[in-house]
There are 2 protein chains.
Amino acid sequence: MTEILVPVFAALGDETRWSILTALGEAPASASALAARLPISRQAIAKHLEILHRVGLVEPVPVGREVRYQVLGLELSATARRLDAIGTAWEQRLADIKTIAEGL
Amino acid sequence: MTEILVPVFAALGDETRWSILTALGEAPASASALAARLPISRQAIAKHLEILHRVGLVEPVPVGREVRYQVLGLELSATARRLDAIGTAWEQRLADIKTIAEGL
DNA sequence: ATCTTGTGCAACCGTTTGATTGCACTCGAT
DNA sequence: ATCGAGTGCAATCAAACGGTTGCACAAGAT
């Protein structure tokens, strides 16, 4: 289960990638358009977009000669749900252990 | 807002760290105990535990001369909630754009 | 008192990663 | 037909990362 999650988290564990995602969250944009308002090169952005695309957080949309990218909030929400499930499961286990400890 | 999230995701974006977390999810354990059932050295595990601790995913509990670590599911669930909020916000923006586009 | 188990540093190493520059190509606009 | 904006690919580089080994030290267990 976590096999699918880990690459997503790795993708989300980078400040630059978040600046890209939040920019795309406002409106879809191409790598060049993003390069215009972020302090890094277009090629660096392209690599980040490729990473984000591979984990399904972003989707390329060809518009004429340029390639716009759209952020996919649904993937993020799906990841959030899985994460919450794991968190509550662990919390449950902890509670169980505590209960047993009290029974000494 | 994301400033707090990013290091957490970076911590979660590593397979080994998940194997540690899932092990701790079953029951609290020390670095040495974890080293006994994971294929990496105790020192490597100690570093991972330090990282996990810094982002609040794990908590050290001194027991005699050893240091047990407890996984904190609540932190994970909290992260999940924030993530979901962001995801739905982006989805909303996309829907808005689509609505505007239809209005042409 | 001694032995052994668990920790904590520190140095070191290969690989991965984020970013850069440079070049070639394509396709829409003029 | 030409110009220019947008893209893709490759080589390169410094820094960060995951991991190892070695050593020193503290504190239970015998």
Just give me the residues in the stretch B:39-59 being in contact with an Asp or Glu (Cβ under 7 Å, 6 or more places away or on another chain) and either within 11 Å of DNA strand D (Cβ to nearest atom) or of a type in the set (S, T, N, Q) (or both), in sequence order. none
Do we have A:ALA10 as surrounded by 15 or more Cβ atoms within 10 Å (Cβ to Cβ), facing another protein chain (nearest Cβ under 9 Å) and either under 17 Å from the mean Cα position of the chain (by Cα) or within 13 Å of DNA strand D (Cβ to nearest atom) (or both) here? yes
Quick check on B:ALA35: is it more than 19 Å from A:THR2 (Cα to Cα), part of a helix (DSSP H, G or I) and out of contact with any Pro (no Cβ under 7 Å at 6 or more places or on another chain)? yes
Residue hits (the stretch B:67-83; in a helix (DSSP H, G or I), surrounded by 15 or more Cβ atoms within 10 Å (Cβ to Cβ) and of a type outside the set (A, V, I, L, M, F, W, C)) are B:GLY73, B:GLU75, B:SER77, B:THR79, B:ARG82
Name the residue, out of B:GLY87, B:GLY56, that is within 14 Å of another protein chain (Cβ to nearest Cβ), under 20 Å from A:ASP14 (Cα atoms) and not in a helix (DSSP H, G or I). B:GLY56
Which condition number does B:GLY64 fail, the rest of (1) facing chain A (nearest Cβ under 7 Å); (2) surrounded by fewer than 14 Cβ atoms within 10 Å (Cβ to Cβ); (3) among the small types (Gly, Ala, Ser) being met? (1)
Criterion: within 24 Å of A:VAL8 (Cα to Cα) and touching a helix residue (DSSP H, G or I) at 6+ places or on another chain (Cβ under 7 Å) - qualifying residue of B:ALA29, B:ALA46, B:ALA23: B:ALA23
The residue from A:VAL8, A:VAL67, A:VAL55 that alone is free of Cβ contacts under 8 Å to residues at least 40 places away in the same chain and not charged (D, E, K, R) is A:VAL67
Please go through the stretch A:60-73 and pick out each residue that is of a type outside the set (S, T, N, Q) and within 13 Å of DNA strand D (Cβ to nearest atom). A:PRO60, A:VAL61, A:PRO62, A:VAL63, A:GLY64, A:ARG65, A:GLU66, A:VAL67, A:ARG68, A:TYR69
Number of the exception - B:GLY64 against (1) at pLDDT 95 or above; (2) at positive phi: (1)
Might you let me know whether the stretch A:29-48 holds any residue that is away from DNA strand C (no atom under 16 Å from the Cβ) and more than 8 Å from chain B (Cβ to nearest Cβ)? yes
Suppose we keep only residues that are near DNA strand D (Cβ under 9 Å from one of its atoms) and not in a helix (DSSP H, G or I) within the stretch A:14-32. Which one would you say is farthest from B:GLU91 (Cα to Cα)? A:SER30
Mind listing just one residue for me: the one in the stretch A:74-84 that is closer than 10 Å to B:GLY87 by Cβ and touching a residue at least 40 places away in the same chain (Cβ under 8 Å) and, of those, farthest from DNA strand D (Cβ to nearest atom)? A:GLU75
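The values are calculated or read from the model by the stated rules, or taken from the named source; none is laboratory data. Everything quoted here is computed from the prediction, not taken from an experiment. Note: ideal-geometry Cβ built from the backbone for every residue, glycine included; neighbour counts use all protein chains shown.
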